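The values are calculated or read from the model by the stated rules, or taken from the named source; none is laboratory data. Being a predicted model, the structure only gives us computed values, none of them experimental. We place every Cβ from the backbone using ideal geometry, glycine too, and count neighbours over all the protein chains shown.
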Amino acid sequence: MRGRRLIPFDGGSYLDREGLHMAQVVYETKACMRCRQKSQVTVDADALKRWQSGELVQRAFPLMTPDERELLITGTHPECWRAMFRDEDDED
């Protein structure tokens with residue numbers, strides 16, 4: 001997660017800069033639309049619960065980049081996304 005320094009604490013937990021305890025979980029994404037590979041992303045457990053309960057992904061994970069959030073939502077890797085939409089980007 002960009003912009004946030006996490007310090008290993010114990011097993012699946014981390015402390016952020018302010019010393020707040022954060023439980024981390026590994027989330028397995030859907031298969032990528034292009035390469036069909038799944039990914040595993042380590043995320044904050046509370047944020048994941050909020051997102052899965054309907055909170056907008058950008059609110060649940062404000063420190064993630066749009067590429068990282070897209071990976072969570074669709075499973076599409078940034079390089080696969082660029083390859084799929086390269087022609088559309090070149091037309092602009």
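The C-beta contact set for the range 41-61 (first residue touching a residue at least 60 places away in the same chain (Cβ under 8 Å), second residue surrounded by fewer than 12 Cβ atoms within 10 Å (Cβ to Cβ) and among the hydroxyl-bearing types (S, T, Y), distance under 9 angstrom, 6+ apart or interchain) is empty.
Scanning the range 54-75 for residues that are exposed (fewer than 13 other Cβ atoms within 10 Å of the Cβ), in a loop (DSSP other than H, G, I, E, B) and modelled with pLDDT of 95 or more gives G54, L56.
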